[in-house]
Ligand code: SF4
């Protein structure tokens, strides 16, 4: 199914007004609210043939000129492996408790991307089997890709024991 | 007073002998984490041939090496590992910090990259460059050999006196309440949940913190 056909199908399934679309450089994006996210993803996977979850990532819109009230966007890039068509699903979450349902039940490959989004942005995925940090050390306390986290960190990289020569 | 020796016997100071041996059989531990590691490999390969200086036996076990070559940027997740390997290397041992990243953090002035390994382990030679050419690394090895020749002692007691940190200033501006738990170089693990160092509440929010004693 092409992206356009998939969108028509989605509109049918989830009611016409609940999703909007946009295009950028031949990529079709679907904007959905977080309460119908799982419905949309399930429909895309099971009925529209988007069987491959390419990536999950997030965007922090803090300070963005055209930002809406929602701070974070979570982006799902999907691929239909039999036809080669692609679609991007975008949903917004907001502080102070950004949380989304996990898509692990649809694609096992959502495991690590969701952990990465959690690690870097602090967006939780409810229903994820093992939501731990994946890139940063376990005891890291911040979410480094948030726009309000300073580029040079908050002292984490300096806080280690010092070994001198005599301690060889 | 003339001492009569057989003609194939020489006398020397023990220190000089030890230095002579150590100088010409440096066994590097390649701690190669990034692009500089490729130059390190090139240095060991046939065109540049580090073997000419007795330093080609790259040991991947810290127990068998006496020269750590830190080639590449070191991130805060890796530093406890680096320190642990350094601790596992037998005395006497030396360290070459290869490239801008290992020496200063290089262009990576970011939250995760350690701004110079010499802040946390002792470094003998710094190699500038990004990446340094193999010739520069070879020069560093030659200079290190000179240093060992000049300062080495048989019992390595020259190291005992160096109890002071010699890297850059530690008075770095950092808000202490934001500092995370330090790595533990003896186990290369980090002290976190359950060890009493850092406590996490729900969803990984830190609720208490203890600064490492060395940092107080
Ligand atoms: S100094 Fe340059 S070549 Fe070496 S690790 Fe850093 S960026 Fe790579």
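If you count, for each residue, the other Cβ atoms within 10 Å and average over each peptide, how do B:93-103, A:102-112, B:70-80 line up from highest to lowest?
Most protected by this proxy first, the peptides run B:93-103, B:70-80, A:102-112.
For chain A, take the longest principal axis of its alpha carbons; what is the angle in degrees between that and the long axis of helix A:37-46, to the nearest 10 within 0 to 90?
For helix A:37-46, the angle is close to 60 degrees.
How many partner chain Cβ atoms sit within 10 Å of a residue's Cβ in peptide B:110-117, on average, as a whole number?
That works out to 5 on average.
Would you calculate the volume per residue, in Å³, of the smallest convex hull containing every Cα atom of chain A?
Value for chain A: 159 Å³ per residue.
Helix-only estimate, please: 222 nm mean residue ellipticity of chain A, summing -39500 (n - 2.57) across DSSP H runs of length 4 or more and dividing by its residues, to the nearest 500.
Estimated from H runs of four or more residues: -6000 deg cm²/dmol.
Compute the long axis of helix A:3-14 from its Cα atoms, compare it with the longest principal axis of the Cα atoms of chain A, and write down the angle in degrees, 0 to 90, nearest 10.
80 degrees
For an R0 of 51 angstrom, estimate the FRET efficiency from the Cβ-Cβ distance between residue A:126 and residue B:5 and round to the nearest 0.05.
For residue A:126 and residue B:5, the calculated efficiency is 0.05.
Give me the distance in nm between label points sitting 7 Å out from Cα along the Cα-to-Cβ direction at residue B:164 and residue B:13, one decimal.
2.4 nm
Take the Cα pairs of region B:1-153, get the Kirkwood Rh, then feed it into Stokes-Einstein at 4 °C and 1.567 mPa s and tell me D in µm²/s.
The Stokes-Einstein estimate is 80 µm²/s.
Could you check what % of the DSSP bridge pairs in the protein assembly as shown are antiparallel, to the nearest 5?
60 percent
Under the rule a/c < 1.5 gives rounded, and otherwise a/b versus b/c splits prolate from oblate, where does the protein assembly as shown land using the Cα gyration tensor?
Prolate, because a/c is 1.5 or more and a/b exceeds b/c.
Return the FRET efficiency for the residue pair residue A:5, residue B:91: r is the Cβ-Cβ distance, R0 is 51 Å, and the value is rounded to the nearest 0.05.
0.15
We did not get these values from a lab; they are worked out from the coordinates using the rules stated. Small disclaimer: the values here were computed from a predicted structure and weren't measured. Reconstructed Cβ throughout: ideal geometry from the backbone, glycine too, with neighbour counts over all protein chains shown.
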